[in-house]
1. At a 1.4 Å probe radius, carbon and sulfur cover how many percent of the accessible area of the stretch 705-851?
2. Heavy atoms only, probe 1.4 angstrom, no DNA, RNA or ligands counted: give me 708, 398 ranked by accessible area, highest first.
3. Quick one: which of 170/375; 208/579; 170/371 span more than 20 angstrom between C-alpha atoms?
4. By per-residue mean of other Cβ atoms within 10 Å, what is the highest-first order of 120-130, 591-601, 570-580?
5. Work out from phi, with θ = phi - 60° and the Karplus expression 6.51 cos²θ - 1.76 cosθ + 1.60, the ³J(HN,Hα) of each residue of the stretch 243-248, listed in order in whole Hz, and give x for Gly and Pro.
6. Report ³J(HN,Hα) in whole Hz for each residue of the stretch 560-566, in order, from the Karplus equation J = 6.51 cos²θ - 1.76 cosθ + 1.60 where θ = phi - 60°; Gly and Pro get x.
7. Would the stretch 443-510 count as rounded, prolate or oblate if I go by the C-alpha gyration tensor, calling it rounded below 1.5 in a/c and otherwise prolate when a/b exceeds b/c, oblate otherwise?
8. Is it possible to state the helix-based mean residue ellipticity at 222 nm for the chain, with each DSSP H run of 4+ residues giving -39500 (n - 2.57), the sum divided by total residues, to the nearest 500 deg cm²/dmol? What is it?
Amino acid sequence: MRSFLLSLLILISSSFKAQSAEPTRSLEAVRTSESIRVDGLFTESIWEGAGVSDFIQKDPDEGKPATQRTVVWVAYDDAALYVAARLFDTAPDSIISRIGRRDADLSADWFYFGIDSYNDKRTGFYFGVYSGGTMVDGTIYNDSWDDNSWDGIWESATVIDDDGWTVEMKIPYSQIRFPKQDEYTWGVNFGRNIERRKEESWFVMVPKNESGWVSRFPPLRGIRNINPPARIEVLPYAASSAEFIRHDAGDPFNDGSRFFHHVGADVKVGLGSNLTLNATINPDFGQVEVDPAVVNLTQFETFFQEKRPFFIEGFNFFSFGFGGANNNWGFNWGTPEFFYTRRVGRAPQGDVLHDGFTDIPKSTTILAAGKITGKVADGWSLGSLHAFTAREWGHVDSSGHRLSNVVEPFAYNGIVRTLGEFNNGRQALGVIGTAVVRDLNQPYLLSDFNKKAYALGMDGWTNLDEDQTWVVTGWVAASRIEATKERLVSVQRGSLHYYQRPDIDYLRVDSTRTSLSGYAGRVALNKQKGNFYLNSAFGVVSPGFESNDLGFLFRTDVLNGHVVAGYRWYEPDGFFRRKDFTVATFRNYDFGGRIIGNGYFLFYNAQFMNYWSMWGNLIFNPAVYDTRNTRGGPAMRTTNGYVSYTGFDSDSREPLIVSFELGAGRTESGGFRTDITPGINWKPTAGLNVRLFPTITHDVTVAYWVGSQEDLTATHTYGTRYVFGRLDQNEISASIRIDWTFTPKLSLQLYLQPLISVGKYTDFKELKEPGTYTFNNYGEGASTITPQIESDGSVNSYVVDPDGVGPAAPFSFDNPNFNYKSLRANAILRWEFLPGSTIYLAWTQSKVNESHPGEFRFGRDFSDLLSTQPDNVLLVKISYWVNP
């Protein structure tokens, strides 16, 4: 890794002399003195000029002229940029026009405008409008990646007429970023989609076997005598919510209803022409959409997507380790996240110290947060975010006596990220730093929280040739946490580290530690363009690396490498429109040299001439050592595994789209899994979209973790018995979403997720020998296992005597069977009554039922779920955009 970084720095400092070729097309913007009314009617004389046309198809006939003519004009005045397009269509009654909520992905005709206002050939903004008027927008980074989390304040209008349709856009300069110049040259591009033909055409078309996007934008010239405006935006809000939730009789903290009121404001201030400061006053960081329900039986944390606007917008400025390449494959590799925004405002991680009725906050209050994002110099970007979270108290009522404990300490969370790109993005070097500092003002907090946590990383890339076909990317990072000795023992023994594993000699739990440090890194080679593609990478995460205080860490003690190769056919052959296949292999080692992961893959993907698609894969995982399955015990062996998935989608242009996916896998130990996911996407009207995707899963694992029991007579397994059972799990879930859009500004969304997951454990046993897949089955030989029966006939626990009359003491464990039933519902009415100003009405309902563990009967289980008393939350929120 050190040699890679040295080579990277040398290449950056020396720099290539080759420059990107100037695009052959260009256009001129025209200053307008008349007021432009954005109505799509083209009544202004400025639109009577020649404009630009001659779009080129990317699909379905790459390189050929577009089948329908498109003319685009660009005008400007002192305040805004204007884009108008006449999209001719010889069959205007066949234009597919649908409406949806802003940034919706619709199967409809659209027009696209991209602009590189920095003219850095790497970043930009995009603005799109569907023929029905729905707007989409976002930012572009890493030349060809996009992020739709940004919502600019701009205007558009569309009209469908006898000649086709028209679109007008007004984009205020306050919504794009550019430095002051006498004359401006910006990169721009325009695109059009004719949905009934699946025809995508562009003013400048990038072939499918090429790479790059912003770097290909042709220049827009002629803009003079304008100034970057002062950028100040204020978004005050008021919100009220009511909770009607289940409660226990006599609970003094919860009578079944709670009411909350919030007021505050978000502020955006332009710092010069390049940087933006986002600040909050009494911020509202609640999320409107609910997280999906999951049943996690592993020792690893579930990763949830961010849904809070403050953290979503501009998140690409904090992206680390992925730039420079258009493909970043990973097989059995989880790149450490340095900034997992869900850590800020998380649910309190501590607990109260007394028994009784409890009142613990569901989330941590964010007292204040601010971030700065944008460009700081030629080629350099900056992202900096800082947040202070409150000290949260949990309260206990014990027979009328009130007690309180801190369940989450006051904390500072900070991240700074900067990236410099050189030579038109051919090379780059970046740095990231994170810090978490907590005020552990109570003695009992010292054993539950790290006092300080830091991470520092450096990343970059360099192209290896003049035409930028090959690129090397890489990153390296270090971490350090500081805590008490007691807390550090807990961290070392935790599921991310397992320093206590008895069968290794390179790690041990050090009870005198007050800090823990580690390192991680990855280097990758990627082929950027061409029909043939190749990607190879090698990564490492040391046993002591720890980024979980502000980031998200998947695992440690791993060295991972992979090679991916494939071929893509883009030309229709009369049967397929396009097709591709990929082969790949990976291998993982731990720091002791054992193979802990191994796999071989074949992927295939194809689209037929009728626009139906199919895909699938074949996977072979040879037997390896599993160092996690015993939860800190010795490694055990796995057996060979085989997996295959296949599926198809019907033509997305049709009102009714069907899909189906079937997956199956088995292991040579006797385990197996099947997944069936049919899907329906029904679009009965232009504004109504109904999506139903149920999933049925049956999963049998021969040896699933149950628990461990210390027993000095278990000498073959280092004085501990590692207990497993056969898990037979049935799961039925569904994702049901109804989007009803009345106008592009007014929409109703309904989301339902029912889930039934039932697991039954049988055939209990213990690991016989470390490093093997052999077991001592309870109830065989001298061992016995006795279920403890309740009065209702259910099994409460099991008592095991491992060797009958032998010296081993009997032990017990709880019945691990489960029957988890959940229903989550979310309805959101959203009205953008003025640009940037919105009213939300939201309703959330959740139900959980866990009756009849281990017994799967769909009808009864579904009935139990429906009859369960729900929790209901109602929310009203209004925000008003002010641009002083």
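1. 54
2. Highest to lowest solvent-accessible surface, that is 708, 398.
3. 170/375; 170/371
4. 120-130, 591-601, 570-580
5. Residue by residue, the stretch 243-248 yields 10, 10, 10, 5, 8, 8 Hz.
6. Running phi through 6.51 cos²θ - 1.76 cosθ + 1.60 with θ = phi - 60° gives 10, x, 8, 9, 10, 9, x Hz.
7. In terms of gyration-tensor shape, oblate.
8. Mean residue ellipticity at 222 nm (helix-derived): -1000 deg cm²/dmol.
The values are calculated or read from the model by the stated rules, or taken from the named source; none is laboratory data. Model, not experiment: these values are computed from the prediction. No Cβ is skipped: glycine too gets one built from the backbone with ideal geometry, and neighbour counts run over all protein chains shown. These accessible areas exclude ligands, DNA and RNA; they are computed on the full protein's heavy atoms, side chains included. Shrake-Rupley method; radii C 1.70, N 1.55, O 1.52, S 1.80 Å.
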